[in-house]
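Take a look at the structure set out below.
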Amino acid sequence: MDFDLDATVATVERDGIALIRNFMPPASLAHLRDSISELNRAERAAGVGFIESEGANQRVFNLVNKGRVFEDAVAHPAVMAIMERILGADFILSGFSSNTTGPGGEPMLLHSDSGYVPPPHPQAVLSANAIWLLDDFTLENGGTEYVPGSHRMRRNPDPGMAYTCVPIVAPAGSLAILHGYTWHRTGANVTRAGQRRAMFAYYVRPFLRVQENHLVSVREEVWHRASPLLRRLLGGELYLNSIGFIDGPPARMRALAFSKRKRSAFT
């Protein structure tokens, strides 16, 4: 896999989306695809599957908690480099999920991943999504659709308006980077057979509340083996020494505050 970081980020800023083909090696693609299919099967069998469109679509949430292959994917070096350029060095993970759509799958509502932000959205980008294409995205199988240029409007789509959506058409193994203000949706799967599987790693600025409460939901064993990078992505590190502390600021901050007070007493 070879890609131009500068060109990718510039394309996201210009078009609201950028596509990197041949991002996943064949063996990694097969492993991820099989892992998602097994999670789909297991969660349906356990009666906890998140099912939509009368059984045609299925989502699996909190992937970082459901296999080491997902721990590696969410902290992929190339994805980290892209997100750092878009969101700054301290970005965190808001949610990591999969979406599998089968024949008869209906389109979802058009939305942006920053739709909870009151308009007009700030100039600084608040979020971005890395979409891992585990199957071919085609015109017919429900690949993600988006409205070109919508990220520049800095607002949410009007529910009463009809917008022209463009489908992502790309081969399995590709990665799409979606600007956090770009309007998009799952497309309709009008095929007679076959599934369209994808993973969505959603990253945000570190001061935003996240979708998945990783501090509660992620298993202890994952936290114990997590790299410093993964711990930060899961919200386990302080931001600016003022967000995310437990029972007050850490000792180093208290010592610094005392030192400043002491100095001021003699000036």
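The values are calculated or read from the model by the stated rules, or taken from the named source; none is laboratory data. Keep in mind the model is a prediction, meaning the values are calculated, not measured. All Cβ positions, even for glycine, are placed from backbone atoms using ideal geometry, and neighbour counts span all protein chains on display.
Could you give me the residue pairs with C-beta distances under 8 Å whose first residue belongs to the stretch 88-110 and is farther than 23 Å from Val210 by Cα, whose second residue is among the polar types (S, T, N, Q) and assigned to a loop (DSSP other than H, G, I, E, B) wherever it lies, and which are 6+ apart or on separate chains?
As it stands, the answer is Thr101/Thr186; Thr101/Gln195; Gly102/Gln195; Pro103/Thr191; Gly105/Thr186; Pro107/Thr186, since those pairs meet every condition given.
Condition first: modelled with pLDDT of 95 or more, in the same structural domain as Ile92 (by TED's automatic domain parsing), in contact with a strand residue (DSSP E or B) (Cβ under 8 Å, 6 or more places away or on another chain) and β-branched (Val, Ile, Thr). Can you find one or more residues in the stretch 195-211 that meet it?
Yes - at least one qualifying residue is present in the stretch 195-211.
I'm trying to understand the selection: among the residues of the stretch 200-224, which are in contact (Cβ under 8 Å) with a residue 24 or more places away in the chain and either hydroxyl-bearing (Ser, Thr, Tyr) or exposed (fewer than 13 other Cβ atoms within 10 Å of the Cβ) (or both)?
Residues of the stretch 200-224 that are in contact (Cβ under 8 Å) with a residue 24 or more places away in the chain, as a first pass: 200-208, 210-212, 214, 217-219, 222.
Matches in the stretch 200-224: Tyr202, Tyr203, Ser217, Arg219.
Report yes if some residue within the stretch 219-236 is among the hydroxyl-bearing types (Ser, Thr, Tyr), on the phi < 0 side of the Ramachandran plot and modelled with pLDDT of 95 or more; otherwise report no.
Of the residues in the stretch 219-236, the ones among the hydroxyl-bearing types (Ser, Thr, Tyr) are 227.
Those still in the list that are on the phi < 0 side of the Ramachandran plot too: 227.
From the residues that got through so far, the ones that are modelled with pLDDT of 95 or more too are 227.
Yes, there is a match, as at least one residue in the stretch 219-236 is among the hydroxyl-bearing types (Ser, Thr, Tyr), on the phi < 0 side of the Ramachandran plot and modelled with pLDDT of 95 or more.
Determine the pairs where a residue that is in the same structural domain as Ile36 (by TED's automatic domain parsing) and among the hydrophobic types (A, V, I, L, M, F, W, C), located within the stretch 55-71, has a partner that is buried (at least 17 other Cβ atoms within 10 Å of the Cβ) and in a strand (DSSP E or B) with Cβ atoms under 6 Å apart, the partner being 6 or more residues away or on another chain.
Val60/Ser98; Phe61/Ser97; Leu63/Phe96; Val64/Phe96
Just to be sure before I move on: is Gly115 in the same structural domain as Arg196 (by TED's automatic domain parsing) and either within 30 Å of Ser37 (Cα to Cα) or outside any loop (DSSP other than H, G, I, E, B) (or both) in the structure I sent?
yes
Taking only pairs six or more apart or across chains, which ones have beta-carbon atoms under 9 Å, a first residue in the stretch 13-39 that is in contact (Cβ under 8 Å) with a residue 40 or more places away in the chain, and a second residue that is among the basic types (Lys, Arg) and part of a helix (DSSP H, G or I)?
Close Cβ pairs (under 9 Å, with a partner that is among the basic types (Lys, Arg) and part of a helix (DSSP H, G or I)) amount to Gly16/Arg152.
Residue check: is Ala27 assigned by TED's automatic domain parsing to the domain that holds Asn99, closer than 26 Å to Leu229 by Cα, surrounded by fewer than 19 Cβ atoms within 10 Å (Cβ to Cβ) and not polar (S, T, N, Q)?
Values: assigned by TED's automatic domain parsing to the domain that holds Asn99: yes; closer than 26 Å to Leu229 by Cα: yes; surrounded by fewer than 19 Cβ atoms within 10 Å (Cβ to Cβ): yes; not polar (S, T, N, Q): yes.
In short, yes.
Residue check: is Leu109 assigned to a loop (DSSP other than H, G, I, E, B), under 19 Å from the mean Cα position of the chain (by Cα), surrounded by fewer than 22 Cβ atoms within 10 Å (Cβ to Cβ) and not β-branched (Val, Ile, Thr)? So that I can check it myself, show each step before the final result.
On the way: assigned to a loop (DSSP other than H, G, I, E, B): yes; under 19 Å from the mean Cα position of the chain (by Cα): yes; surrounded by fewer than 22 Cβ atoms within 10 Å (Cβ to Cβ): yes; not β-branched (Val, Ile, Thr): yes.
In short, yes.
Count, please, the residues in the stretch 131-158 that happen to be surrounded by 19 or more Cβ atoms within 10 Å (Cβ to Cβ) and of a type in the set (A, V, I, L, M).
Residues flagged as surrounded by 19 or more Cβ atoms within 10 Å (Cβ to Cβ) and of a type in the set (A, V, I, L, M) within the stretch 131-158 amount to 4.
Take the residues in the stretch 41-81 that are within 21 Å of Met24 (Cα to Cα) and touching a strand residue (DSSP E or B) at 6+ places or on another chain (Cβ under 6 Å), then tell me which one is surrounded by the most Cβ atoms within 10 Å (Cβ to Cβ).
Applying the filter and picking the extreme gives Val64.
From Arg197, Arg232, grab the single residue that is in contact (Cβ under 8 Å) with a residue 24 or more places away in the chain, within 16 Å of the chain's Cα centre (by Cα), crowded, with 20+ Cβ neighbours inside 10 Å and under 20 Å from Ile36 (Cβ atoms). Even if it seems obvious, please write down each step before you answer.
Values: Arg232 fails: under 20 Å from Ile36 (Cβ atoms).
Checking each option against the conditions leaves just Arg197.
Can you tell which of Thr164, Thr144, Thr138 is under 19 Å from the mean Cα position of the chain (by Cα) and of a type in the set (Val, Ile, Thr)? Working first, answer last.
Working: Thr164 fails: under 19 Å from the mean Cα position of the chain (by Cα); Thr138 fails: under 19 Å from the mean Cα position of the chain (by Cα).
The unique qualifying residue is Thr144.
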